[in-house]
There are 2 protein chains.
Amino acid sequence: MVVAGMREEPGVMSADILRALSAPNTVALIGASDTPGRLTARPLTFMQKNAFQGRIYPVNPGRDTVMGLRAFASVRDIPEPVDMAYILLNTEPAIAALEECAAAGVKVVAMLADGFAEAGEEGQVRQRRVAEIAKAAGILLIGPNSMGVVNTANGFVCTSNAAFGTDFLPKGRLAVLSQSGSVIGTLVSRGAERGIGYSLLVSLGNEAATGIGALGEVLLDHADTDGYLLFMETIRDPEALANFARGAAERGKPVVAYMIGQSEEGQALSVSHTGALTGSSRAVSAFLAGIGIRQVQTFETLIEAPAALSRLGAKMHGRPRQVTVMSTTGGGGAMVLDQISARGVAIAGASETARATLGAAGIPAGHGKLVDVTLAGAKYETMKKTVSTLIADPETGLLVVAIGSSAQFNPELAVRPIIDAVAEAGPDAAPVVAFPLPHAPESMRLLEAGGVPTFRTVETCAETVAMLMTEKSCVANPAPELPAKTRAAIDAAPSGVLDEVDAGRICASLGISGPRQMLLAPGQEISEDLNLGWPLVAKLVSPDLPHKTDAGAIRVGISNHDDLVTAVAAMRASAEAYHPGYRLKGILIQEMCSGLGEVLVGLTRDPLVGPVLTVAAGGVMTEIYRDSAVRPAPVSLPEAQEMLAEVKGLALLRGFRGRPEGDLAGLADLIVKVSTLANDPRIEEVEINPVLVREKGASVVMLDALIRRG
Amino acid sequence: MVVAGMREEPGVMSADILRALSAPNTVALIGASDTPGRLTARPLTFMQKNAFQGRIYPVNPGRDTVMGLRAFASVRDIPEPVDMAYILLNTEPAIAALEECAAAGVKVVAMLADGFAEAGEEGQVRQRRVAEIAKAAGILLIGPNSMGVVNTANGFVCTSNAAFGTDFLPKGRLAVLSQSGSVIGTLVSRGAERGIGYSLLVSLGNEAATGIGALGEVLLDHADTDGYLLFMETIRDPEALANFARGAAERGKPVVAYMIGQSEEGQALSVSHTGALTGSSRAVSAFLAGIGIRQVQTFETLIEAPAALSRLGAKMHGRPRQVTVMSTTGGGGAMVLDQISARGVAIAGASETARATLGAAGIPAGHGKLVDVTLAGAKYETMKKTVSTLIADPETGLLVVAIGSSAQFNPELAVRPIIDAVAEAGPDAAPVVAFPLPHAPESMRLLEAGGVPTFRTVETCAETVAMLMTEKSCVANPAPELPAKTRAAIDAAPSGVLDEVDAGRICASLGISGPRQMLLAPGQEISEDLNLGWPLVAKLVSPDLPHKTDAGAIRVGISNHDDLVTAVAAMRASAEAYHPGYRLKGILIQEMCSGLGEVLVGLTRDPLVGPVLTVAAGGVMTEIYRDSAVRPAPVSLPEAQEMLAEVKGLALLRGFRGRPEGDLAGLADLIVKVSTLANDPRIEEVEINPVLVREKGASVVMLDALIRRG
C-alpha cells in the first residue's frame, strides 16, 4: 500500500487513517462561517443536520462561537488530538492552515481552496508545497479543490457541496471517489431518486498528494463498502490505481469508472480545467481494462451498474455466457433484446427443456429468441412459472425480464411473481435482472429489495448486462522480464534515435531477427561473394540521414554485383548532395524478403498510464482505419494473441477467403519480446515497422526498427 | 395522399377521416366487456374516466347494457352513423365484425385481435382478407394487433393499454405513431414523469391496410400536433413514409424515429414477432435520413428530442453550426462538452467580444472552451449576465447550460436567471437548452415553461444538440431519369444474370465505358491487327460459365498475337473440360488497364426501403472494414460526392500523403448513372466491381459488371 508520507507500519497505519477519514472522533473546520447558507458554513450545517456524533471544532480567529460551538483561533489550540480537518480558507491562508495542521499532528486534511495546479506556474509551485508539507507530516491530504468527505452511515457529512443539504441522504454500500466535486452531489441526488445510496463519498480535487488509486487502497477494507464508483478526468497514480484494483478484485468488490475524454475537446478541457495531463483515450481504456476496472460509457450506468455487479458478480462464475430475455410486452422485449445483442452478448432463447415445461403448463414461449408471454398475459401464475422454469435451467446464464405497463400500477401481476420465484429458487438458479418499460419506481424498489437489480433505461440495462457477461480476471498473465544481454545492449547504445545497427543489436538480443545482412565499413571493398541471396537491399547508415528515401540513401531490388557497386556509389553521391559532410557509419546490405503481409508493432509511453503496446495492420490501413489493438506493456503471450485477434486487417493473415495463413505464432512471440522493452525506463519509444509476416511456420522478419533511447 | 381504399375527393376525405380518427362524434366498442378491469373493458373505462364527450355505443349481443350504457347486438343496429369502431373480439369474430362495420359505413376501425400476419400462412391469408374488406369499404383500418387510438385533448382514450389507467394523462403537441402497442404506454408513462405529454397516440399493430406513413399523412394537418414520434420495428410503406416526411417538413413539424434492429438478433425478432420483414439497418438509416426523418439512438432521446426540435428547429436557421457550453460546475460541464464533441459537433468557447464583456462585469469565463462560472459562483446576477452576453453574441450557434447542484433545491440561483435572460433577449438571440446535473424535476419544469428545453441525461442532451446542429433539407436534389436508350437496352436483354455483352450494352447506353474491346464470334479467326493496345485480357462469353476463373475462361496480360491464339485455344479446352457442351457466345478481348485504385458500385433492392446504392472501397478492404456509403437510389450528383467523401478507404484516391488524386469527378458521374437503373423495376441488382479509377481527369473504367434482370 502506497500513501503519500506513510512512514509507520502500513497495516496499523492504514486502519487508523481509514478511521480518521471515515469516522473521525474529532473534526476541525478551519475557516467555518457563522452565516448559515454560506459555502463555508455548509459542512457544520450538514453534520449537525445529520446528527454526526464526533466532536466538531470550528477554527475562526475572528469569532468566539460558530453556530453555537466554541470557536478556536488555531487548530493548535484545540484541546485534544484532531483526526480530521477540512480547511475552508482561500489559497494562501489555506497553506498556512495546513502547516498548522502538520504541527498539530492532524491525520487527515481536506482542502477546499483553488489556485493550485489549475492556476498556471505559480499554482503548480503552491501545489508542490502543500504536497511536501503533507508528506513531511505524514498527513493524508485530500485536495486542494476538494469538496470534502461524506460518510452516510454516521452523519459525517463534511462537505461544501450544496446537494448534501437534502433531507433524504440514502445510505448504501458503494463508495464514490471523484475527481470532480460537483459530481458527488450529482451522484447523491440522482442515486437518491433511484433508491441508490453510497457509503462514503470523497471529492479528490487536484490530488496534490493523494490520487484516486492511493485513496482507493485506504478504503479497501472499509467494512461498509462492497464496491467503488470512480469519476475521473485523469489518472495521476496509475500504479496505485492498479494496486487498488487488484485489492478490490481479491475482496470481490467491483470497481466501475466513468472517465471524461471521449472527445479531443474533452481531453483538452481536462488540461485547462484541473491542470491535469491527458493521455490517449484508447491507452487509458486498455489500462483500466487490464487492471480489471470496468469503464462505463454512460453516466447513468455509473449509477446503476455497480450495485448489480456487486450483487450478482459472484453468482456469474461458471454460468454459461449467454442471456435469456423474457417479456410481458413484445415491442419492449424486442427493444431490450436488440440493445443487449448490439453489445456483443450472446442471446439464448428458451431451451428445449424449458420450452417443454412451459408448454405443459399451457404457456406459449413465443416465437424466436424472445421468451414472450404476452399471449399468456401478465398474470401472477404465468409469470412465476416462466421465471422459475428459466432460472432453474442450467442453460440460462442470466435472465433479463422486460416488464410491460402493469409494472406501473399493478406490481402484483408481473413484478411480485419475479420476486417470489427468485426467493424460492435453489442456490444454482440463474441470476435475474429486470427492466420495467414504464416509469415504475415502486416496482423497482420492490425488485431491488427482492434481490433483483433494475434499470431505468434500456441502454443502461444492456450495458450492465454486457459487463456481467464479461468475466474480469484479476490474475495477470506473467509477462517476461527483459534479458540481461538486452540491458547490456541498451547500456552500450547512445541516447536519442538509434541507427539501424544499434537498434538491430537490441532487437537481436531479444531474439528478434531481421533479414540476413552484412555491414560494410565505409571504405571496405564490396566482395563478389557476399554470402547473401539476391536480390538485395542496400542502405547508408548515418546519424545525419533520418529520412533515407528523401536522401536517396536506400536502394531495393539489386540483382547482381555490378548493380550493387553502382548503387552504393550513387547513394553516396546523392547523400553528399543532400547533406554535405554527412557522417557515414557503414553500408548495410540485406537480403530482400517477401511475405504475406506487414504489421506495425510499437511501444510508447502514455503520459497518464505509462508503457503501452500497439499492434496495427501495416501500411495505409493503419492510418486510414485506425485499425489497431492496444495494451499496457509488457504483455504476455495470451495477451499478444488476443491483440492479433482484435486487429481486423490481420484477417488477411488468418486465412481470409482461402488465403494462406501467416505465422501468427511467430508474430505473437515478437510482440511479447518488443513489449519487454517497457521494463527499461531508458527505452522511450520503439516502432518495428514493418514486421514482415511470412507463411505459417516460416517465421516473421523485422524489416525496420526505430528505437528512441532516453 | 395515399390511404388504403380512398375513393372520394382526397382533401375533404382526409379532413373527415382525421376527425373520425381523432375526434369521433360516435364510437362503437365491439366486444366491450361489462367486467371492470378486463382488457376489453378498458377503452370504455378510460373514456368515461377522461370525460370523453362523444357518444359511445357498446356492441355486445350477450348483454342489454355495458357499464351502464345500452348495448347493441351489432354495429348495424346503432341508430346513427358511426365514425369510429374499436373491435375487441378474437380473430375470427373480429373479421366478421369488420364486415359489419363495412356494411354500416363506419369510417375508421381499429382491431385488437392477433392471429394475423404473425401467425403463419393462415394468419397471412386472414390479414389479406381484412385489408381487402377495408379497402372495398373505404375504411381506414388500424391494426390488427392494435392497442387503439388516444387523443389526450378530448378524452378519447380508446385503448386497451393498461398504462392509460393513470390519473395523470398529460396533454401535449406531439403525436405518437407506434408499431408496438406496449410502447405507447411506455411513452405516456415516462413522458408524464418528465412533464411531456402527447396530442395523439396510435398503436398501428400489423398495419394490414394502414402503415405508419399513410397514417402520418392523415395526421399532417392535425391542428394540435407540432411534431411526430415514430416507434418502428419495420417499414411497410416506404413511399407513404416519404410523402409523410415531406409533408411534415413543409409544415415545420419534426419527425423523430426509434427503430429496433441495431443487432442481427433484433432484426430476426422483428420477423418472428410481428411477421414483419427486416432490411439492412444501414439501408433503413440511409432511407430515413434521406427523407428527413431523424433517427435517434437511445429511447430516452425519443422522449426528449422531439419537443426540443419542434421548439428550436426554426430558430437554428442561419445560425453558426457551433455550440457554446457554459456551466456552474467544472466536472459536470466538462462531461457535457465531452459528450457533445464526441458526437462530432463543433464547440466554440466564449468569443473575444463576449469574453471582454464578461471580464468588464468581473466574471472570469474560465479556461479553455468551457465557459465555467464556477469561480464567480452560481449567483443570479452572474448567471443572467453570462447567459445574456453569450446568447446576444452572433457567434453563438446554440447555448448549452450545465447547471450544478443548486438546480435541485435553489432554482433562484442558476435556473431563474437563465429563464429571465431568455425572456429578455432580442429576436436574434441564440437558442438555449439546459442540463441540470442533479435530479431537479422542478427546475426542469420551470425551464421548459420558460422556453428552454431540458434533458434528463447527458447522452440525450448531447444527441439532441447534435440533431439541432444538423440542418435537415427536405428539398431532394434532383436525380436524373433513365435514358430511353437504356430502357431499350433493358428491353432487349434476357432475364436472369446478364453476360458481359448484355450488361456492357446497358452500361454503355448510360455512358459508362469499359476498356477498349472487341467481341469475336466463336468461329471467327483472330486477326493480327485487332486495333487494340497490348497487353490484352481475353474471356469466354458464355451463360454456362458464371465463375470464369474456376473454368479457366479468362487470361490476363497477353502480350502478342501468338500468345492470344494459344490462350483462346487453351481457354476453350479448359471450359469444355469444366462444363462439357457449354454454349460459347463469343470471345471478348479487352485492353488491360491500370489505375490508382478500385471501387465497388452496387445497386440492390432492400426488402423494406427499396433501391439502395452502395459505394465501397474495392478489394478486401470493403469486406474487412465494411467501409462503404449507402443511399436510397437514384442519387443526385451532390449525393454521389457526399458518398465518396464518406468512404474512408477512398482517402487513397483523395491525395492521401502526397499520392496522386484519382478521378473522383468521373467516379461520381458513374455512380449517378448506375443509380438511375433503380428507376427500372426490372433491374433487380447491379454490381460494377471493380471500377478502375485513374488519375484526375483520366476518367474511370468499368472492368466488370454484373446485372440481374427480373
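Placing a label point 7 Å from the Cα of B:Arg19 along the Cα-to-Cβ direction, the distances to the matching points in the other copies come to 8.2 nm, shortest first. Considering only A:Ser263, A:Gly227, A:Ala51, the residue lying farthest towards the positive end of the dipole of chain A is A:Ala51, judged by Cα position with unit charges set on Cβ. Summed over all non-identical Cα pairs, the Kirkwood treatment of chain B gives a radius of 29.3 Å.
Let me make sure I get this right: for segment A:318-468, a, b and c are the square roots of the gyration tensor eigenvalues over alpha carbons, sorted descending. Under 1.5 in a/c it's rounded, otherwise prolate if a/b > b/c, else oblate. Which is it?
Values: a/c = 1.24, a/b = 1.04, b/c = 1.19.
Rounded is the answer for segment A:318-468, as its axis ratio a/c remains below 1.5.
Distances, shortest first, from the label point of A:Gly105 to those at the same position in the other copies read 10.1 nm; the point lies 7 Å along Cα to C-beta.
Helix-only arithmetic for the protein assembly as shown: the sum of -39500 (n - 2.57) across DSSP H runs with n ≥ 4, divided by the residue total, places the mean residue ellipticity at 222 nm at -11000 deg cm²/dmol. Rolling a 1.4 angstrom probe over the protein heavy atoms with all chains in place gives the protein assembly as shown an accessible area of 38 Å² per residue.
P(r) tail, segment B:597-709: Cα-Cα pairs separated by more than 21 Å, 30% of all pairs. One residue of chain A places its C-beta nearer than any other to the axis carrying A onto B; that residue and its whole-Å distance are A:Tyr625, 3. 3J(HN,Hα) couplings calculated from phi for segment A:76-87 with the Karplus curve 6.51 cos²θ - 1.76 cosθ + 1.60 (θ = phi - 60°) are, in sequence order, 6, 7, 5, x, 9, x, 9, 6, 9, 10, 10, 8 Hz; Gly and Pro show x.
How well do other chains shield peptide A:162-170, expressed as the mean number of their Cβ atoms within 10 Å of each residue Cβ? Write out the running numbers ahead of the final one.
Values: counts 10, 9, 1, 4, 5, 1, 0, 0, 0.
Whole-number average of other-chain Cβ neighbours for A:162-170 is 3.
The C-alpha atoms of chain A define a longest principal axis, and helix A:664-676 lies at about 70 degrees to it. Centroid-to-centroid, using Cα positions, segment B:196-216 and segment A:423-448 are 32 Å apart. Judged by the mean number of other Cβ atoms found within 10 Å, the most tightly packed of the peptides B:294-305, A:657-668 leads the ranking B:294-305, A:657-668. Peptide B:395-406 has a mean shielding of 2, counted as Cβ atoms of other protein chains within 10 Å of each residue's Cβ. Each label was represented as a point 7 Å from its Cα along the Cα-to-Cβ direction; for A:Asp544 and B:Arg659 these points are 3.5 nm apart. The largest-to-smallest principal axis extents of the Cα set in segment B:516-591 are 32, 21, 20 Å.
Taking both sides together, what accessible area is buried at the A/B interface, probe 1.4 Å, expressed in Å² and rounded to the nearest 100?
On the way: alone 29720 and 29740 Å², together 53530 Å².
Interface between A and B: roughly 5900 Å².
The angle separating the long axis of helix A:458-469 from the principal Cα axis of greatest extent in chain A is about 60 degrees. In this calculation the C-beta distance from B:Ala15 to B:Glu92 is compared with R0 = 45 Å, giving a FRET efficiency of 0.85.
Of all aspartates and glutamates in the structure, those lying under 20 Å Cα to Cα from B:Lys696, and not within fewer than 8 positions of it along the same chain, are B:Glu598, B:Glu639, B:Glu642, B:Glu646, B:Glu661, B:Asp663, B:Asp669. Computed from point charges on the beta carbon alone (+1 for Lys and Arg, -1 for Asp and Glu), the dipole magnitude for chain B about its Cα centre is near 1180 Debye.
Sorted on the mean count of surrounding Cβ atoms within 10 Å across their residues, most packed first, peptides A:534-541, A:486-493 read A:534-541, A:486-493.
Subtract the Cα-Cα distance of B:Arg682 and B:Thr566 from 0.36 nm times their separation in residues, and report this length gain in nm to one decimal.
On the way: separation 116, 0.36 × 116 = 41.76 nm, distance 3.98 nm.
Residue separation times 0.36 nm, minus the Cα-Cα distance, leaves 37.8 nm.
Mean per-residue shielding of peptide A:177-187 is 6, counting Cβ atoms of other chains within 10 Å of each Cβ.
Which percent of the accessible heavy-atom area of the protein assembly as shown goes to carbon and sulfur, probe 1.4 angstrom? Of all accessible area on the protein assembly as shown, carbon and sulfur atoms account for 52 percent. The distance linking segment A:637-710 with segment B:19-93 is 73 Å (Cα centroid to Cα centroid, whole angstrom).
Quick check: from the Cα gyration tensor, does segment A:184-250 come out rounded (a/c under 1.5), prolate or oblate?
Judged from the Cα gyration tensor, segment A:184-250 comes out oblate (a/c at least 1.5, b/c at or above a/b).
Let me know the charge dipole size of the protein assembly as shown about its Cα centre in debye, to the nearest 20, where only the beta-carbon of Lys, Arg (+1) and Asp, Glu (-1) is charged.
Charge dipole, the protein assembly as shown, about its Cα centre: 1960 debye, nearest 20.
Look at the Cα gyration tensor of the protein assembly as shown: its axes a ≥ b ≥ c give a/c of at least 1.5 with a/b at or below b/c, and that counts as oblate.
With viscosity 0.692 mPa s and temperature 37 °C, the Kirkwood radius over alpha carbon pairs of segment B:277-330 converts through Stokes-Einstein to a diffusion coefficient of 233 µm²/s.
In nanometers and ordered shortest first, the copy-to-copy spacing of the B:Asp491 label point, defined 7 Å from Cα toward Cβ, is 9.0.
The values are calculated or read from the model by the stated rules, or taken from the named source; none is laboratory data. Here the structure is a predicted model, which is why all the values come from computation and not from measurement. Using ideal geometry, Cβ is built from the backbone for each residue, glycine included, and neighbour counts are taken over all protein chains shown. Side chains included, ligands, DNA and RNA excluded: accessible areas come from the protein's heavy atoms. Shrake-Rupley method; radii C 1.70, N 1.55, O 1.52, S 1.80 Å.
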